[in-house]
1. Applying the selection to region 41-66, what residues are open to solvent by less than 70 Å² (accessible area, probe 1.4 Å) and either touching a strand residue (DSSP E or B) at 6+ places or on another chain (Cβ under 8 Å) or not hydrophobic (A, V, I, L, M, F, W, C) (or both)?
2. Could you say whether any residue in region 15-27 is open to solvent by 70 Å² or more (accessible area, probe 1.4 Å), within 19 Å of the chain's Cα centre (by Cα) and at pLDDT 80 or above?
Amino acid sequence: MRTTRATLGLVIGVLLGSVGAQSLIGAGNDGFFWGLPFEVLAVIVRAALALVLVAALPPARRATTVTPVEALRVV
């Protein structure tokens, strides 16, 4: 079920992103332009991965200082 939702979200995201990009740069092109140089795509993926890892570090470090019993305690 989760895989289906993730795949559906990926497909919808790619379609909406393509439509949005076409609306921004479509006036300068004839037809539908769908392409990105591999090097640019690789840089974007690496930057996104680095951003995710940097953003995940502080919460992960805080989580390691809390015991499981304390985290599950009802306040």
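1. Passing the criteria: PRO58, PRO59.
2. There is at least one residue in region 15-27 that is open to solvent by 70 Å² or more (accessible area, probe 1.4 Å), within 19 Å of the chain's Cα centre (by Cα) and at pLDDT 80 or above.
The values are calculated or read from the model by the stated rules, or taken from the named source; none is laboratory data. Predicted model, so just to flag it, every value in this text is computed and none were measured. Note that each Cβ is placed from the backbone with ideal geometry, even for glycine, and that neighbours are counted across all protein chains shown. To get the accessible areas, we keep the full protein, side chains included, count just its heavy atoms, and leave off ligands, DNA and RNA. Shrake-Rupley method; radii C 1.70, N 1.55, O 1.52, S 1.80 Å.
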